[in-house]
Amino acid sequence: MVDHSYADLSLAALYDSLNPWGPGDDFYLEQVMAAGSVLDVGCGTGRLLRGARAEGHAGRLTGLEPAAAMLVQARRAEPGVEWVLGDLRARRWEGHGFELAVMTGHAFQELVGDEELRVALAAVRAALSPTGRFVFETRNPGARAWESWTPDRVHHATDPDGRRVRVWHEVDGSPVGDRVTFTETYEGGAFARPRVNRSTLRFLAPDALAGFLDAAGLEVVEQYGDWARGPVTSTSPEIITVAQQG
């Protein structure tokens, strides 16, 4: 589940600038603040758990991240959180009894293989207390978000030295089943020439998603199509899922 673009320190340092705090972060922060113990899977720079500490969360907060460069950012900013390098195979999670597990930033879509997804969901279930919840989001394939990932849609970030970096995306061919492969290009700042990374994301339809959750012993208890808690429709941008042990 490693996003290789963020295994590079220079790219990891741009993450928060490229992804400013938004409604999704507010949604997850509310969930975290209501739970006594939280596992953030694919925590990135740790922004969510850092925010929870800043808001006064005094319980157990654990961030799990496979990209070491991202954890460098997290540890520098908040040493008072347990930061764990690795993916869900890094530990045996039975008995940890987390009240909440989350996967934010569409990290769930980086689980592109069936077996990889099954292993991850089994580990999440094992990490939860009997009443614990798993909350995550995945882009709704019906909204076809990848069609807007074009070179003319340029994002801007500022690196730690104040230099501007341009970033854009381009889909690599047509989707293959429920998988979309694309490139992400960085230009400017410390990069002498454009830096291009290639990634693949999986866009699971609601029925397929429910099937994987059910097979892992997880039951959907709430589901939303946007951060305002609207319904999931054929074209809603997100599938935001709250699940617990079935």
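The values are calculated or read from the model by the stated rules, or taken from the named source; none is laboratory data. Quantities reported herein were computed from a predicted structural model and do not represent experimental measurements. Quick reminder, even Gly has a Cβ in these numbers, built from the backbone with ideal geometry, and neighbours come from all protein chains shown. Surface areas here come from the heavy atoms of the whole protein model, side chains and all, with no ligands, DNA or RNA. Shrake-Rupley method; radii C 1.70, N 1.55, O 1.52, S 1.80 Å.
Take the residues of the range 98-124 that are small (Gly, Ala, Ser) and open to solvent by 30 Å² or more (accessible area, probe 1.4 Å): which is farthest from the chain's Cα centre (by Cα)? So that I can check it myself, show each step before the final result.
Narrowing the range 98-124 to residues small (Gly, Ala, Ser): 101, 105, 107, 113, 120, 122-123.
Now restrict to residues that are open to solvent by 30 Å² or more (accessible area, probe 1.4 Å): 105, 122.
Numbers: Gly105: 3, Ala122: 18 Å.
By that ranking, first place goes to Ala122.
The residue pairs whose first member lies in the range 153-176 and is over 17 Å from Pro194 (Cα atoms) and at pLDDT below 95, whose second member is among the aliphatic types (A, V, I, L, M) and surrounded by 14 or more Cβ atoms within 10 Å (Cβ to Cβ), and whose beta carbons are closer than 7 Å, counting only pairs six or more residues apart or on different chains, are Pro160/Ala13.
Considered as a group, the residues in the range 57-112 that are free of Cβ contacts under 8 Å to residues at least 40 places away in the same chain and among the acidic types (Asp, Glu) include one that is nearest to Phe212 (Cα to Cα), and that residue is Glu94.
Which of the residues that make up the range 31-56 are surrounded by fewer than 23 Cβ atoms within 10 Å (Cβ to Cβ) and either of a type in the set (S, T, N, Q) or modelled with pLDDT under 95 (or both)? Hits for the range 31-56 are Gln31, Ser37.
All of (1) free of Cβ contacts under 8 Å to residues at least 40 places away in the same chain; (2) among the β-branched types (Val, Ile, Thr); (3) surrounded by 13 or more Cβ atoms within 10 Å (Cβ to Cβ) hold for Ile240 with one exception: (1).
Can you work out which of the residues in the range 161-197 that are part of a strand (DSSP E or B) and among the small types (Gly, Ala, Ser) is most open to solvent (accessible area, probe 1.4 Å)? Please lay out each step first, then the result.
To start, the set of residues in the range 161-197 that are part of a strand (DSSP E or B) comprises 164-171, 176, 179-188, 191-197.
When the remaining residues are screened for being among the small types (Gly, Ala, Ser), the result is 188, 192.
Details: Gly188: 26, Ala192: 104 Å².
Applying the filter and picking the extreme gives Ala192.
Among the residues of the range 1-9, are any β-branched (Val, Ile, Thr), closer than 23 Å to Gly86 by Cβ and at pLDDT 95 or above?
Residues of the range 1-9 β-branched (Val, Ile, Thr): 2.
So of that shortlist, the ones also closer than 23 Å to Gly86 by Cβ come out as 2.
Add one more test, that the residue is at pLDDT 95 or above, and what stays is none.
No - not one qualifying residue is present in the range 1-9.
From the list Arg91, Arg75, Arg118, Arg164, the lone residue that is of a type in the set (Lys, Arg) and within 29 Å of Gly225 (Cβ to Cβ) is Arg118. If you take the residues of the range 198-232 that are farther than 24 Å from Ala122 by Cβ and open to solvent by 70 Å² or more (accessible area, probe 1.4 Å), which of them is modelled with the lowest pLDDT? Residue satisfying both the conditions and the ranking: Arg198.
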